[in-house]
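What follows is calculated from the coordinates using simple rules that are stated; it is not laboratory data. Just so it is clear, the structure is predicted and the values come from calculations on it, not from any experiment. Heads up, the Cβs are rebuilt from the backbone with ideal geometry, glycines too, and the neighbour counts pull from every protein chain shown.
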Amino acid sequence: MPELHGKGWRVLGYFIWMLGAGVVLDSNACGAGGILLVVGGALFGYGTMQSLRGTGAGG
Amino acid sequence: MSRPLFALLHLGLILGTAAIGMRLYWREHADADQGKGSRLLSARVRAWYFSNLEPFAALFVRLGVRPIAITYAQVAVSVLVAAAYAAGLVFTAGFLVLFAGTLDILDGKVARGGEGASLRGAFLDSVMDRYAEFVGYVGLVVLFASGWRVLLVLLAILGGFMVSYARARAEGLGVPCEIGTLQRPERYVLLGFGSIFGSIAGHVFGGDHVLLTLTVAVLAVLGNMTALQRTAYVSRALHKASHA
């Protein structure tokens, strides 16, 4: 999925992170929320790294 | 369970990432044509948000995803919005409102980017948008079921529908009508962030959905005001045309 390089992964990570935050804040399912936060954070970091290395498409 | 520290941390993260993202975008695109904007959502903010969706639009176009499939996904997400509000999951509902709004933008982008733009698609998109908007509000009716706040939700529904109806009727009569304070993107943003910040405020200060109630009241007032604005505008335009 070359289209997602940089900015795309960052945005996807942010959305998953926000969903995790919702799960943690709205319910007692901290485990599931925590997993979403970690996955979202990792994708956000991955996208940011790609942008910083200059390989991102418009990132 | 109340989690004030986690809620405050997220308030900072939401505001911080948005501020940094916009700043970086505007620095790179200072001279770009930003398109149209409104009082609540400036052209620059819209341009920044649209730019974040370009990678997904390009991906969907390459994969051959039909725009109408994204429209149906928007309706499905709106059903989840209703379920989340009905269950009292206000932060999640707010996030899903923003996600549904994002899909609403994305289907248009994919239609324009690929070969899926058609009159049939535009018509189905408009009809499905109305269903999606209504379904989301159903969850709020359930959340506020036994109180006076249901009236505010009903007024907000009326406002949203009348804004769209006024434009559709005006365009049917040949008068372009894209004016008004509270158009659909503004409604998504207000309800989405009103829910998210309302949930955060609830974790920090307590209270019974105070900020969410205020948001729905603003939607009810501004929505109907926009519908009346459009009515007056089209009425003047038609009067002028018939006396020209």
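Laid out as a table, the results:
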| item | result |
| --- | --- |
| Cα convex hull of the stretch B:39-242 - mean projected area over all directions, nm² | 12.2 nm² |
| Cα gyration tensor shape for the stretch B:1-134, rounded if a/c is under 1.5, else prolate or oblate | oblate |
| B:Val138, B:Val81 arranged by Cβ crowding within 10 Å, fewest neighbours leading | B:Val138, B:Val81 |
| Cα-based shape type of the protein assembly as shown, given that a ≥ b ≥ c are square roots of the gyration tensor eigenvalues and the cut on a/c is 1.5 | oblate |
| Residue exposure sequence - B:Phe95, B:Phe50 - by fewest surrounding Cβ within 10 Å | B:Phe50, B:Phe95 |
| Where labels lie 7 Å past Cα in the beta-carbon direction, separation of B:Ala237 and B:Ile179 in nm | 0.8 nm |
| Radius ratio Rg over Rh of chain A, counting only Cα atoms, Kirkwood formula for Rh | 1.11 |
| Relative contact order (%) - criterion: Cα under 8 Å, at least six apart; region: chain B | 24 percent |
